[in-house]
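The values are calculated or read from the model by the stated rules, or taken from the named source; none is laboratory data. Everything quoted here is computed from the prediction, not taken from an experiment. Virtual Cβ from ideal backbone geometry, glycine too; neighbours counted across all protein chains shown.
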Amino acid sequence: MKIHNIKSQILITTLLLFLGYGVCNSQESYDGWETMFNGNNLDGWTNKVHHYDVGDNYADTFRAEDDMVKVRYDKYEGDFNNRFSHLYFDKPFSDFHFTVQYRFVGELYKGAPEYTILNSGVMFHSQDPRTMLKEQDWPISVEIQFLAGVEEGKERPTGNMCSPGTDVVYEGKIDPRHCINSTSDTYYGNQWVTAELVVYHDSLVKHIINGKTVLEYEKPQIGGEVAKGYDPIMKQDGKLLTEGFIALQSEGQPIDFKNIKIRNLKGCTDPKATNYKAYYQVSDKEACTY
């Protein structure tokens with residue numbers, strides 16, 4: 001009798017654990033977070049390397065290994081030759097909350113610009129990589145820049161804003177600087193850092209590092225310099241950027257990316273609708289269903 005009771009209790013406990021697991025999965029789905037990287041391959045992503053055609057992942061620059069997207073240069077030949085590259089998620093976004101963890105590893109590839117040591121980032125509101133010319137170095141986009149400390153005791157914040165072919169409004173006016181530093185701490189070594197972006201179309205942008213808001217600015221728009229080799233049709237200075245593609249960056253420094261997720265913030269905000277979600281922050285009345 002006792003053995004029977006024990007078996008029954010084990011069965012009930014297992015069932016509850018199973019049901020609980022299902023609830024957790026349902027909750028993860030319900031809160032709107034979408035996993036962008038499947039952990040096994042680069043399906044759903046498109047790369048563009050400077051000097052190469054779209055889709056040519058030269059020397060396996062981007063790799064899906066160990067449940068991470070790895071940027072590596074061990075198969076490169078010769079000088080770096082400004083082979084800056086980007087890996088684009090195939091779906092554009094407008095209003096969203098993006099999160100990723102990154103860590104720098106290894107040594108800067110020989111011949112890469114000195115400023116790219118322990119330097120990478122994520123581009124957003126980017127042009128479609130299929131609109132980039134073969135000799136275009138940077139996509140017209142906005143970047144959340146990732147940096148790590150090089151010299152002990154010398155500040156080098158991460159989560160900065162850089163603007164290849166774009167401008168932003170900072171503290172009430174268009175800022176002429178290509179990069180604007182954040183107020184983040186300096187992180188040394190190969191530790192994991194969590195970076196987040198909260199973007200409201202062509203309005204407010206927030207950079208968050210390890211849970212702390214470190215930079216805010218407004219009105220991302222086409223303009224400025226830095227990007228070269230683009231199709232002039234794509235460079236419409238003054239045009240506000242309401243949406244675009246998200247891309248992981250490679251510019252000579254090995255880096256790992258993991259836990260790449262995004263949550264769409266635009267949708268039906270009417271609680272009476274059947275497709276209302278509490279996490280929607282930008283109203284789209286036409287999306288509502290009743």
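Identify, from the list Ser182, Ser203, the residue that is closer than 18 Å to Phe146 by Cβ, among the small types (Gly, Ala, Ser) and surrounded by 13 or more Cβ atoms within 10 Å (Cβ to Cβ).
Ser182
Filter region 170-221 for residues that are of a type in the set (D, E, K, R) and in contact with a strand residue (DSSP E or B) (Cβ under 9 Å, 6 or more places away or on another chain) and give the result.
Of everything in region 170-221, those that are of a type in the set (D, E, K, R) and in contact with a strand residue (DSSP E or B) (Cβ under 9 Å, 6 or more places away or on another chain) turn out to be Glu171, Asp175, Arg177, Asp185, Glu196, Asp202, Lys206, Glu216, Glu218, Lys219.
With the condition kept exactly as written, say whether any residue in region 191-199 is at pLDDT below 95 and crowded, with 21+ Cβ neighbours inside 10 Å.
For region 191-199, residues at pLDDT below 95 and crowded, with 21+ Cβ neighbours inside 10 Å: absent.
Only residues that are out of contact with any Leu (no Cβ under 6 Å at 6 or more places or on another chain) and either closer than 19 Å to Asp185 by Cα or charged (D, E, K, R) (or both): list them for region 123-146, please.
Asp128, Arg130, Lys134, Glu135, Asp137, Glu143, Gln145, Phe146
Could you tell me whether region 67-79 includes any residue that is in the same structural domain as Ser250 (by TED's automatic domain parsing), over 25 Å from Leu197 (Cβ atoms), in contact with a Gly (Cβ under 7 Å, 6 or more places away or on another chain) and surrounded by fewer than 20 Cβ atoms within 10 Å (Cβ to Cβ)?
yes
Got a number for residues in region 118-135 being surrounded by fewer than 17 Cβ atoms within 10 Å (Cβ to Cβ) and either of a type in the set (Asp, Glu) or outside any helix (DSSP H, G or I) (or both)?
Total meeting the criteria: 4.
Quick one: is Tyr109 aromatic (Phe, Trp, Tyr), in a loop (DSSP other than H, G, I, E, B) and at pLDDT 95 or above?
yes
Being in contact (Cβ under 8 Å) with a residue 24 or more places away in the chain, more than 14 Å from the chain's Cα centre (by Cα) and either buried (at least 17 other Cβ atoms within 10 Å of the Cβ) or at positive phi (or both): is that true of Leu147 here?
Answer is yes for this residue.
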